[in-house]
1. Sequence neighbours fewer than 8 away in the same chain don't count; with that in mind, list the lysines whose C-alpha is under 20 Å from Lys16.
2. Could you run the Karplus curve 6.51 cos²θ - 1.76 cosθ + 1.60 with θ = phi - 60° over the stretch 51-58 and give me ³J(HN,Hα) per residue in whole Hz, x for Gly and Pro?
3. For a label point 7 Å from the Cα of Arg70 along Cα→C-beta, name the residues of the stretch 148-165 whose backbone N is under 12 Å from it.
4. Scan around Val126 for amide H atoms under 5 Å from its own, H built in the peptide plane at 1.01 Å from N, and keep only partners 5 or more places away or cross-chain.
5. Once phi is turned into θ = phi - 60°, what whole-Hz ³J(HN,Hα) does the Karplus curve with 6.51, -1.76 and 1.60 give for every residue of the stretch 74-80, x standing for Gly and Pro?
6. Tell me which lysines have Cα within less than 19 Å of Lys82's Cα, excluding those fewer than 8 residues away on the same chain?
7. Go through the stretch 101-155 and name the trypsin sites (Lys or Arg not before Pro) that are in a DSSP coil and have 10 or fewer other Cβ atoms within 10 Å of their Cβ.
8. Quote the FRET efficiency, to the nearest 0.05, computed for Lys52 versus Lys139 with a Förster distance R0 of 30 Å and r equal to the Cβ-Cβ distance.
Amino acid sequence: GVLDELDQLLTTLAGKSLDGVILRSAKSSFIVGADVTEFRNISDSARAADRKPADLVRVALGEPSDAVRRDLLGEAIDQLAKAADPATALKTLASNVLNATGDNLAHRALVLGELLHEAGRRLDHVNDAMAHVAATASKRAAQSKDRHERRAWLALESAAHEAANLTG
């Protein structure tokens, strides 16, 4: 398949001294920028689909490409949909993102908002998770002394309310 072809190409290029590599595709939706070493760890599509939602969101948090980030979040939602209780799984995942430290809060809020929006569109009965995120964000906005941090929390609260309106 495509990944085998890519692996063969990377193996060939690994032994050469190159200044750079240009990747082209006939597809208009081709996206360059993924960590190609990650593809070497995926032997088939079934193994790729086994990644946990938390891992996918963690990768999405560090992904600069909007399109790739949306794909990762979509895959996370697919995995959440397979959970015995998708609403609880989403609430736990959202809590982990909310409680993460050391990274850009505004970016974390944006990515979590994207995740909630996609969950609202694709998962049923997740209003409890949305309400949890909205309440937590509202509380943290009220406690925040930093104007930018407060804006990020309020934006996340708004995203959670909007996502709740999408749910079934």
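Read-outs: derived from the displayed coordinates by stated rules, not from any lab. Keep in mind the model is a prediction, meaning the values are calculated, not measured. With ideal geometry, Cβ positions are generated from the backbone for all residues, glycine too; neighbour counts draw on all protein chains shown.
1. none
2. Once rounded to whole Hz, the list reads 5, 6, x, 4, 5, 5, 5, 4.
3. Under cut-off, by backbone N: nothing.
4. Those lying under 5 Å, H to H, from Val126 are Gly168.
5. x, 5, 4, 5, 4, 5, 4
6. Lys82 reaches Lys52, Lys91.
7. For trypsin sites (Lys or Arg not before Pro) across the stretch 101-155 that sit outside H, G, I, E and B with at most 10 neighbouring Cβ atoms in 10 Å, the list reads Lys145.
8. 0.60
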